[in-house]
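Take a look at the structure below.
The values are calculated or read from the model by the stated rules, or taken from the named source; none is laboratory data. The structure displayed is predicted, hence computed values, not measured ones. For neighbour counting, all protein chains shown are included, and Cβ atoms are generated from backbone atoms with ideal geometry for every residue, glycine included.
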Amino acid sequence: MANSKQARKRARQSNARNALRSSQRSRVRTAIKSVRKAIAAGDSSAAQAVFRTATKVIDSLADKGVVHKNKAARNKSRLAAAIKAMA
């Protein structure tokens, strides 16, 4: 347990930040799953639309440092390749 006032505050901040970032990482995973679901359904136009929204989510959280920029780029690249392979 934190013994100083400063350490207690840092512990509170850490817990709050962890909760926020956990939900943000979940948003990224959900966005990726929705694109994969549209690809599996074989709906090219829906997959393109969902991919655009997923790209926005992935990029914004990569800018904030929630997801590493290379991981974000890798996810977008693989989703784009999967959509391209549908055609």
So which residues in segment 73-87 are basic (Lys, Arg) and crowded, with 17+ Cβ neighbours inside 10 Å? 76
Consider residue 31 carefully, then state whether it is of a type in the set (Gly, Ala, Ser), closer than 30 Å to residue 84 by Cβ and surrounded by 10 or more Cβ atoms within 10 Å (Cβ to Cβ). yes
Return the only residue of 28, 50, 57 being in contact (Cβ under 8 Å) with a residue 12 or more places away in the chain, touching a Ser or Thr at 6+ places or on another chain (Cβ under 8 Å) and among the aliphatic types (A, V, I, L, M). 50
Restricting the search to segment 50-72, which residues are more than 11 Å from the chain's Cα centre (by Cα) and surrounded by 13 or more Cβ atoms within 10 Å (Cβ to Cβ)? 50, 51
For segment 38-47, name all the residues that are surrounded by 11 or more Cβ atoms within 10 Å (Cβ to Cβ) and either in contact (Cβ under 8 Å) with a residue 12 or more places away in the chain or within 9 Å of the chain's Cα centre (by Cα) (or both). 38, 39, 44, 47
Under 9 Å between Cβ atoms, which residue pairs at least 6 apart in sequence (or on different chains) link something in segment 70-82 that is modelled with pLDDT of 95 or more with a partner that is part of a helix (DSSP H, G or I) and basic (Lys, Arg)? 79/36; 82/36
